[in-house]
Every structure is written in C-alpha cells, then in structure tokens.
Amino acid sequence: MLSKVTSYALSGVDGFPVTVETYISGGLFSYDTVGLPDTAVKESKERVRSAIKNSGFEMPNTRITVNLAPADLKKEGSVYDLPIAISLLGASGQLFSALLRGTVFIGELSLSGEIRAVNGVMPMIISALKDGYKRAVIPPGNAAEVRCIEGIECYAPDNLRQLVRFLQNELQLSPIEKVPWKSGDSASIYYTDFSQIKGQHAAKRAMEIAAAGSHNLLMLGPPGSGKTMLARALPSILPELTFKEAMEVTKIHSITGCLDPGRGIVDCRPFRSPHHTASAPALTGGGMKARPGEVSLAHNGVLFLDEFPEYSRVALEALRQPLEDGVVTVSRVNNTITYPARFMLIASMNPCPCGYYGSKVKQCKCSPAQIQRYLGRVSGPLVDRIDLQIEVDAISYDALRDKQNNEESSQAVRERVQRARLIQQERFKDSGIFANAHMTAKEISRFCPLTSDADALLKQAFDSLKMSARAYSRILKISRTIADLEGSKQISAQHVAEAIRYRSLDRKYW
C-alpha cells in the first residue's frame, strides 16, 4: 500500500515542498530510505520504529520503502521523522484521514513518540503558505515562532499518539493562537545607556546619525577612550523593527537555531559581536551545509567588530561584497545560496600597535613603519565602504568625575532616530528598502536634492579632497540622514559640511 505526506525542506531562507512517499510490499523485513537522504535522515528509521511502537501502534514486519521527492535534492536533518511516521502508519492501514492531504508535517520524534523542535520552521511555514497550504503540524517547541503568521492554521501536538487521534477525529486540538506583532524594547536587553557615557559628544552625534540612517561607522582612538562602550550603547538608540524586518531576521535565526523558544519571533534588532579570531566562513557563512554567518545573523541589526585590524585580512576583505550589496553568496561544491546581509558595521580600532599614535594624553612609541604596517591590515577599499569615520580621544579626569549628569539619555536620542526612520519608511515605502544607507544611485538622484550652496560645497570638497565616486554617494546619504534628523526636505550646506567631516580618516591614515 502507498501513502503520501507533505513536508518541507530549506534552501537558504526559503522552503520547498518534499513529498514523503511510503510503500509497503510483501517479503522479508527491510527498510530503505531513498531520495538523497543524509545520515540524520537515514537514522530516522530507528527513531520512527521506536516512536511507533511506544505510541501503541504496530511496526510493519515487511518490506518498507520511503522516498523523499524531489529525489535529486539533498535532504538533511531530523525534520522528516514525523512525516515519515505518519506516512508509514497510513501505508500500513493504521491511519485513515482526509487531513493527510493538504497538511504539512514537520518535526523530529523521540524514541517515546514525543515531537521535538527543529530548526527553520518559520521559513518552511511561510513557504507552505505561499504554496497554498492552509494547515500544518509542527513541534510544540516551535509554536512561538509561527504565532504572527496569518493565513495558515498550525497545530502543535505533544506526541505521535495525540496527533494520530486528532487526525482520526478522536481528539480535538486547537490551532496555535495568533498574536499581533509588537516590537520589543531594545533597552530591556541592552543595558548601556547613553547617559552613562561621559563626554564624547562628537562620537555620540556620529552614533545618532549612524542609527538614524543605518550607516556603517569606524571609531579610531587610544585604548580606554570608550569605543567599546559607545558601541555597546548603540542598540539602545536603534529604531524599532518593522514587522517585515522582524520576519526577515527571524527566518535567519530560525535556520541557525538561535531563536529564544520563549520569545519566538525576533522583536529587537540583533547585535552580533564575534571574536577577532573568527574566520572568513564564520563571518560570511559557509561550512558543509552552507549555513549563514555573522553578517546574516546581524541582518537589519548591528555587526560590531572590536579591534578591527586583529581580524584576519581574508575575513575583513570578505566583508566588502555584503557591505556593498546587502547580500552574501555562499558557494560550495553542491550548493550555492544567497543570504540577506544588510547590517550596520560598527568597527573600532587603535591607530597603532601601542594605541597612542595621535593621542593628546600619551606619546606613541611605535615607529612609522610599525604604524603603517598596523593600519595596512585594514585596506583602503574597505575603509572607503564605511560611511562615518571618527576619532575618539581619551576623556579628561574632570569630565569623568563630573557629578552633574547632564548627558542625554538613550530614550531622548532614540526618539529623534525613530522620527527620522519614519520619514525614511514613508520615503521608501515602494522601493523595498528601509533606510538611507541602502539607497542606490536611482534613489540618491531622486531623494537627495541639494541647495545651490550645498552643491557648490560638495563640488569643492570632491575636487580638493580627491574623493572617489563611492565617497561622493556616501556623503550624500549621510547628508540626507542629517537633514532627516532636522526634519528638512532639502539638503543644505551645513548638512553637507557635517557629512564631509565624517570622511576624513581614510585620507589622514590610509
């Protein structure tokens, strides 16, 4: 007897349907799984056999063939345990249900028959909804991540026995309750507040502009000047995630198993801070299964690289393509996958090995050759892709000991940032982008009108500073963000002048 059940697999951040076909024929007992299964899928035989018996059903003692179609695509993971068990029960005549047709089954089985959580359920369910499916069975541990997906009923039974009784109308199960989307509060997760940072007003201003327009930022200064603390405080001023952005982030985190089971959908912008020993595949993605890297896990959020020159040259140069394109393509022998990677790069570094080159408080002990060799670890083309470049010098003792806390709070800064982002959301509502930093040449020409004084100033700076075309476009993007913070529709000379000041370090040091 033949039975068919639908499940889903992943290709990048998108799902595709997999038909689980089980055929039981006469002969001596055998169990074969075909359709390019990996080791985890092959091992499902023992999990399925034990789960069926421990759930009170009979395991057929004849020849069993399980086919996973399409047969030319690799099947990975334990996600097929549940559909294989349901298909086998149908083929053996122990389960008759009209619900098998038109229902997607996803989940791993324990030996006792419990349904365990798997990675990547959200992108699978979204793809199933797009393909016209209206009903799915998923593990209870994945229930939280599908609560915001409208248009498909998801059921989360605890075990195989409960599911079979539901399919045979012997037990009533309620679908997972839908919950309206609500953005989370970053301040409740990231504890560093801007009011805790003494001085560094120029750096805070650059942080505000970076957050308002999703711009990349490089901080250069001596040790102990507050670069890391500034970066750690950045999430507290970032604007709220939109629902579309949250779904994109949650897809990636679901694939990698980074989701908090209690929270489900990601409701705050991610903040990733890999160690400087991270390899190029760890940053951009890779491995045998072409998994997402840190740049994708930081999608719609922040990637903070502390001690920037200490990363390997290969790892740093691998950032150039995602910084420019907002996506990263991971190529392996059997697979090529493109992951989204639209993130804010926040990098911090010392200007030399001892850290005090150019400092006002301590003399540098490095030779010119050592300084150039150290700065040379970060290439000029990579620095050119970083929108804002600032120097952060050491803070004075008097500023540290100032008892009057006149520093602006993160909440006040975040309100200005949020207003600027709302302007951008309205501006780009039909463009498929979310912030000024993501503008292409087409959007720049349309949305960056300059006053005559601003145009003259930019032309003078372009000629005298010998700017590249990339630097020119990034100055326009920064100017647009500064104007948005002030609520100005046109970009004036003062907006351009401030933007130019943030493009000086590459000429000074590189």
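The values are calculated or read from the model by the stated rules, or taken from the named source; none is laboratory data. Since the model is a prediction, treat every value here as computed from it, not as a measurement. No Cβ is skipped: glycine too gets one built from the backbone with ideal geometry, and neighbour counts run over all protein chains shown. The accessibility values were calculated without ligands, DNA or RNA, using every heavy atom of the protein model including side chains. Shrake-Rupley method; radii C 1.70, N 1.55, O 1.52, S 1.80 Å.
Worth a mention:
- Pairs from Lys130/Lys204; Lys74/Lys182; Lys42/Lys244; Lys227/Lys442; Lys198/Lys466; Lys178/Lys429 whose Cα-Cα separation, in the structure shown, is over 32 Å: Lys130/Lys204; Lys74/Lys182; Lys42/Lys244; Lys227/Lys442; Lys198/Lys466
- Interchain or long-range residues, amide H under 5 Å from Arg63's placed H: Ser25, Gly27, Ser30
- Shape category assigned to segment 78-128 from the gyration tensor of Cα positions, a/c cut at 1.5: oblate
- Taking Cβ atoms as reference points and 13 Å as the exclusive limit, the residues near Tyr23 contribute a net charge of 0, counting Lys and Arg as +1 and Asp and Glu as -1.
- Amide H partners (placed H, <5 Å) of Thr33, local residues excluded: Val66
- Relative to the 2.2 N^0.38 Å rule of thumb, segment 422-510 has a C-alpha radius of gyration ratio of 1.07.
- Computed 3J(HN,Hα) for segment 112-117, one whole-Hz value per residue from the Karplus formula 6.51 cos²θ - 1.76 cosθ + 1.60 where θ = phi - 60°, is 8, x, 5, 9, 9, 5, glycine and proline marked x.
- Degrees separating the helix 44-54 axis from the principal Cα axis of the chain, which is the longest one: 60 degrees
- Only protein atoms count toward the accessible area here, which uses a 1.4 Å probe; on segment 2-167, the carbon and sulfur part of that area reaches 48 percent.
- Under-5 Å amide H pairs with Glu240, H placed in peptide plane, nonlocal only: none
- Alpha-carbon geometry of the chain: the Rg and the Dmax are 27.4, 88 Å, given in that order.
- Sequentially through segment 384-391, phi angles give Karplus couplings (6.51, -1.76, 1.60; θ = phi - 60°) of 5, 7, 9, 4, 10, 10, 9, 9 Hz, Gly and Pro residues having no value and appearing as x.
- Taking 17 Å as the straight-line reach from the Cα of Lys477, the aspartates and glutamates in range (excluding those fewer than 8 positions away in the same chain) are Glu208, Glu324, Asp325, Asp384, Asp387, Glu426, Glu443, Asp455, Glu486, Glu498.
- Inter-part distance where segment 85-149 and segment 384-430 are each reduced to a Cα centre, Å: 46 Å
- Rounded, prolate or oblate (a/c below 1.5 giving rounded, otherwise prolate when a/b exceeds b/c) for segment 186-403 by Cα gyration tensor: oblate
- The chain, accessible area per residue, ligands and nucleic acids excluded (1.4 Å, Å²): 44 Å²
- Cα-based helix-to-principal-axis angle, 410-427 vs the chain, degrees rounded to 10: 70 degrees
- For Ala456 and Arg135, the difference between the fully extended length at 0.36 nm per residue and the C-alpha to C-alpha distance is 109.5 nm.
- Added length on full extension, which subtracts the Cα-Cα distance from 0.36 nm per residue, Ser468 to Ser30: 150.9 nm
- Straight-distance crosslink candidates among aspartates and glutamates, where the alpha carbon sits under 16 Å from Lys251 and sequence neighbours closer than 8 are dropped: Asp14, Glu145, Glu150, Asp260, Asp267, Glu294
- Carbon plus sulfur fraction of accessible area for segment 444-488, probe 1.4 Å, in percent: 51 percent
- In this rough spin-label picture, where each label sits 7 Å from Cα along the Cβ direction, the Ala69-Ser445 distance is 5.1 nm.
- Computed from backbone phi with θ = phi - 60° and the Karplus coefficients 6.51, -1.76 and 1.60, the 3J(HN,Hα) list for segment 315-324 is 5, 5, 5, 5, 6, 4, 5, x, 4, 7 Hz; x is used for glycine and proline.
- Estimated from the Cβ-Cβ distance and a Förster radius of 22 angstrom, the FRET efficiency linking Asp14 and Val327 is about 0.95.
- Label-point separation in nm, Thr338 to Arg373, each point 7 Å along Cα→Cβ: 4.2 nm
- Positive-end extreme of charge dipole, segment 293-372 - chosen from Cys352, Leu297, Thr329 (charges on Cβ): Cys352
- In this structure, Ala202 and Ser488 have a Cβ-Cβ separation that, at R0 = 25 Å, corresponds to a calculated FRET efficiency of about 0.75.
- Remark: spin-label model distance Glu426-Ser396 equals 4.3 nm, labels positioned 7 Å along the Cα→Cβ axis.
- Subtracting the Cα-Cα distance of Glu310 and Glu408 from their residue separation scaled by 0.36 nm leaves 32.0 nm.
- Helix-only arithmetic for the chain: the sum of -39500 (n - 2.57) across DSSP H runs with n ≥ 4, divided by the residue total, places the mean residue ellipticity at 222 nm at -10000 deg cm²/dmol.
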